[in-house]
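A short worksheet on the structure shown next.
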Amino acid sequence: MTIAYITHPTCSLHDMGEGHPESPARLAVIEDQLLATGLHFAIRRYDAPAVTREQLQRVHDPRFVDRIFALAPSTGLCWLDRDTAMSPHTLEAALHAAGAVVYAVDLVLGGQETSAFCAVRPPGHHAERSAAGGCCLFNNIAVGAAHALSQYGLQRLAIVDFDVHHGNGTEDIFRDEPRVMFCSSFQHPLYPFSATESPGTHVVKVPLAPGTGSDTFRDQVGKQWLEPLEAFRPELIMVSAGFDGHWQDEEADLNLTERDYAWVTHELRKLAERHAGGRIISVLEGGYALPALGRCVVEHLRALLD
């Protein structure tokens, strides 16, 4: 068994300056770990195409899309907020990052692959319908999910987000879309300081206190995610895979390990086997402790393959 591994060279050219944790080195350490563990033999590589305007505008306001294109600099950095900057290569990277998820949907729902991992940056889950932020320009996973709903007629799609930061952008986009169940675990309080209440039964939030470790994470996710997902019977599971809850990551204060990411991935894979023909698409979000990020992604991919 193999897994589709979708990326693009421009994703490593997006650079927000020296010292920024969302750096090109993130993709490099993942590649290093794939080679060091021999896992590169179990992946099938694909180059991500660029997303189209039509695909972006299923989830983003056209005026917002126009603004991002207009702000793309030819030199230097254009800062959108304190965390998010565009360099000369950023727009192209963002177009291929979103395009990777659309391509993953086509590969998986078209029957060519069963599962896929999109190794892309900039990340996406903080991008709202009309606003960038939190290092995110376009909401990559939302673009792919909307493509699945529009082009393949899915009626039940689950997006599961275990990044240490709440996926406020994904919630904003699908808040009123009952065909999408959005489950998110995140440290609270922490950026983007989202409310902990759920706006409807198809949004499940699991706020975790600083210092939360493996036992509490598994208990809360097991109790609050898995039963609603089982009842929802998703036809496709999509994962916003952020690994910044790892105990070595200095961007937050959770104490998770590689094994926790393997565990949650195994649980999602079992759900996918029961309800979605095993179909899972995972998209890289956060994770900034470089050696730990590489190890976490390897364990995540192993769990998808197992």
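The values are calculated or read from the model by the stated rules, or taken from the named source; none is laboratory data. Owing to the predicted nature of the structure, the values given are computational and were not obtained by experimental measurement. Virtual Cβ from ideal backbone geometry, glycine too; neighbours counted across all protein chains shown.
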Out of the residues in region 121-156 that are among the polar types (S, T, N, Q) and part of a helix (DSSP H, G or I), which is nearest to ILE30 (Cα to Cα)?
ASN140
Does LEU56 fit the bill of being closer than 16 Å to GLU285 by Cα, modelled with pLDDT of 95 or more and either touching a strand residue (DSSP E or B) at 6+ places or on another chain (Cβ under 9 Å) or not charged (D, E, K, R) (or both)?
no
Taking into account only those residues within region 190-243 that are among the β-branched types (Val, Ile, Thr) and not in a helix (DSSP H, G or I), which is surrounded by the most Cβ atoms within 10 Å (Cβ to Cβ)?
VAL239
Out of curiosity, is VAL297 modelled with pLDDT of 95 or more, hydrophobic (A, V, I, L, M, F, W, C) and closer than 17 Å to ILE3 by Cα?
yes
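Would you mind finding the one in VAL264, VAL283 that is part of a helix (DSSP H, G or I) and either within 17 Å of the chain's Cα centre (by Cα) or on the phi > 0 side of the Ramachandran plot (or both)?
Going through VAL264, VAL283 in turn, the sole match is VAL264.
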Taking interchain pairs and intrachain pairs at least six residues apart, which have beta carbon atoms under 6 angstrom, with the first residue in region 15-26 and free of Cβ contacts under 8 Å to residues at least 24 places away in the same chain and among the hydrophobic types (A, V, I, L, M, F, W, C) and the second part of a helix (DSSP H, G or I) and loosely packed, with under 14 Cβ neighbours inside 10 Å?
none
